[in-house]
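**Student:** Sending over a structure as structure tokens; questions will come in a sec.
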Amino acid sequence: MKHKKSLKKELTFIDIFCLATGAMISSGLFVLPGIAHTHVGPALFISYLLAGLLAMTGLFSQAELVSAMPKSGGAYFFVTRSLGPAVGTIQGLLTWFSLILKAAFALVGMAAFIKLIFPQLGESMVAIPWVGILLALFFILLNLVGAKKAGRLQVYLVVFLLISLLLYVFFGMQSIKVDNLVPFTPLGIEPIFIMTGFVFIAYGGLLNVASVAEEVRRAEKVVPQAMIASLAVVMLFYSIVVFVTTGVLGAEQLDGSLTPLSLGAEVAMGQWGVVVLSLAAIMSFVTTANAGLMAASRYPLALSRDKLLPGFLSKIHTKYQTPFLAIIFSGVVLVLCLFLKLDLLVELASTVLILTFILSHLSVLILRESKVQNYRPTFTSPLYPWIQIIGTVIFLFILFEMSREVFFVKIVLVVSALFVYWFYGRIRTEQKFALLHIIERLTAKELVTGELEKELKEIVQERDEIVKDRFDHMIEDCEVFDVDHKITVDQLFEIASGIIAEKVECSPESIELALLKRERENSTALNDEVAIPHVIIEGENKFDILLVRCKGGIVFNEDHPDINAVFILYGTMDERNFHLRALSAIAQIVSDHQFNERWLAAKNEQAIRDAIILGKRKRK
């Protein structure tokens, strides 16, 4: 799938790290501990740690998917390519809405902390979210002029945030009272696990990263690394800060507080600490809102590209190379959400996060088991498939433990998204998906058209910045001979000489004799699986290749009785330099330990060619 205009690749590791970190460290740390402590006690920090470990399972699947498909829309893009456009539309619209809700909640939540610093403002100034509206408009403009500028602001805000938390931990450690940590589990062990699901939303910022992957330099490596680093850092900060806050305040002051860290700072650092931590809280809400708008706007863009939403949302600004209409659309919805009561809807956002991780797990399972050849992640999830299976089961358990009210609203939103797909997207899109490849293996082969393989091939070429050279073009146009049963090298050369003779001014007999003579002088088998016979032909400016795949194996000699891949090179003497370059390219490609597996798994002639074109080699 090609697009006339692409997004500018300008985000780096530090930008992505700060995008995820800033999006995660927000109300989950500055508001939630006071509410959750009531139900757990001093052991609350263990709930945060367990929630982080649970989020890590979802992260591994997300990281694998984004390394294979670094495209705007993040989880929506993955889900659509694995489970189909109907599920993808539901997931994309729900995630878009939840990211906007989180951003709106962050902007509205700043009111309590603004009152701590400026009590003279009174209730009237914070009752109407003027600050939130102004910041929303500022972030809209900032995102319009480029992801790099929005990302750079995120870096500065996150640095201030982390330094503030380090100061709080340093002074807080000196003010911990052991009595505040006893009894450690006043309500027993079970609440620790129950609260794990409650505080899980604190790690929701991980959703933001995958959606901007298309704008990241070397996204296939940078994004997984930044995601893992960010989660590790945030999980550490959450656990230590919550532990310190519990030890400094105790249940009497902490339970039910909406500004727990500011209260802790007042005890451990004095009034200046209140100001610093309140500013840090405000910065955290600002980073969440900025990251939320940046990430949310990429979902309408991706849906529009796939014709599941109106086409104007995928327009890219000529000068700034940003999805300006998707940003404006998401920004307007963000401003409107500032006037809503968000308690129920923010809890809904946590269910969407859990649903996204479930679908990410299922996407990895389907893409791997469908044997889609051009699915080529540079990061692979460890302990496959157990992480995906166990993670899905745990997430489903948490999902069904949510309140009935949230479950009802979720059903309404799912039905609404399905309505959009059925009456708009269904009649406009022909998106193919990996689940069809699994069905193909069981039933009807005609379901698979090759469109998914083609799109994934284009994504890999864009991701790896592959600029086609003469060798690539030759492979795209070359002949392919595919045979299932075992044959001898003599049989191979007899058949190959007939194919080559049709393309050059030589008789089949002369070509066959030349191939046999070359093979008897010195074996052309490169290893136990690959051979590269070559022959000189008469004329000028001629060079080509015949690709041969034999699943049953070709008997070249006693030492090489099961050759599966044969590259027969034929050309004129004046093409010797290119002949050497072609040999070098083939040698690099077949040295990949996964080459033979992909070669044998290729479903058709185009897939055989793709195994070569997408192979790892240096290009000049």
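The values are calculated or read from the model by the stated rules, or taken from the named source; none is laboratory data. In this text the structure is predicted, and so the values were computed from the model without any measurement. Neighbour counts run over all protein chains shown; Cβ positions are idealised from the backbone, glycine included. Accessible surface is based on the protein model in full, side chains and every heavy atom, while ligands, DNA and RNA are left aside. Shrake-Rupley method; radii C 1.70, N 1.55, O 1.52, S 1.80 Å.
**Student:** Calculate the dipole size of the chain relative to its Cα centre from +1 charges on Lys and Arg beta carbons and -1 charges on Asp and Glu beta carbons; express the result in debye to the nearest 20.
**Tutor:** 1980
**Student:** Also, quick follow-up: Below 13 angstrom from the Cβ of Y421, what's the summed charge of the other residues (Lys, Arg +1; Asp, Glu -1)?
**Tutor:** +2
**Student:** If all Cα-Cα distances of region 470-620 are sorted into 10 Å bins from 0 onward, what percent lands in each bin, rounded to whole numbers?
**Tutor:** 11, 44, 38, 7
**Student:** OK, next. Any idea what the relative contact order of region 235-333 is, in percent, if you count C-alpha pairs under 8 Å spaced at least 6 apart?
**Tutor:** 15
**Student:** I need two numbers for the chain: Rg to one decimal and Dmax as a whole number, Cα atoms only, in Å.
**Tutor:** That works out to 29.1, 98 Å for Rg and Dmax.
**Student:** Let me ask something else about it. Tell me the relative contact order for the chain as a rounded percent, counting alpha carbon contacts under 8 Å between residues six or more apart.
**Tutor:** Relative CO of the chain lands at 21 percent.
**Student:** Separate question: Taking K and R as +1 and D and E as -1, what net charge do the other residues with C-beta under 14 Å from the C-beta of L254 add up to?
**Tutor:** -3
**Student:** Related question: Within the chain, which is the longest segment that contains none of the GluC sites (Glu not before Pro) sitting in a DSSP loop with at most 13 other Cβ atoms within 10 Å?
**Tutor:** 1-400
**Student:** Taking Cα pairs under 8 Å and at least six residues apart, what relative contact order does region 504-620 come out at, in percent?
**Tutor:** 22
**Student:** Next up: Tell me, what are the semi-axes, in whole angstrom and largest first, of the equivalent ellipsoid of region 22-68 as set by the roots of 5 times the Cα gyration tensor eigenvalues?
**Tutor:** So the three semi-axes of region 22-68 are 27, 13, 6 Å.
**Student:** To continue, here is another question. Considering only protein heavy atoms, with the full assembly of protein chains and a 1.4 angstrom probe, order S284, S510 by accessible area, largest first.
**Tutor:** Accessible-area ranking of S284, S510, largest first: S510, S284.
**Student:** Output the antiparallel fraction of DSSP beta bridges having both residues in the chain, as a percent to the nearest 5.
**Tutor:** 40
**Student:** Give me the accessible area per residue for the chain, probe 1.4 Å, as a whole number in Å².
**Tutor:** That works out to 42 Å² per residue.
**Student:** Compute the normalised compactness of region 272-345: alpha-carbon radius of gyration over 2.2 N^0.38 Å, N being the residue count.
**Tutor:** Normalised Rg, Cα atoms only: 1.42.
**Student:** Follow-up. Tell me, what are the semi-axes, in whole angstrom and largest first, of the equivalent ellipsoid of region 129-268 as set by the roots of 5 times the Cα gyration tensor eigenvalues?
**Tutor:** Three semi-axes, in Å: 34, 19, 15.
**Student:** Same structure again: Please report the equivalent ellipsoid semi-axes of region 175-217, computed as sqrt(5 x eigenvalue) of the Cα gyration tensor, largest first, in whole Å.
**Tutor:** Computed over region 175-217, the values are 37, 15, 5 Å.
**Student:** Can you flag which of K454/K503; K457/K551; K503/K618; K307/K457; K9/K468; K517/K618 are past 25 Å Cα-Cα?
**Tutor:** Too far apart for the 25 Å limit: K454/K503; K503/K618; K517/K618.
**Student:** Continuing with this model, one more query. Where the accessible area of the chain is counted over protein heavy atoms with a 1.4 Å probe, how much of it, in %, is carbon and sulfur?
**Tutor:** 63
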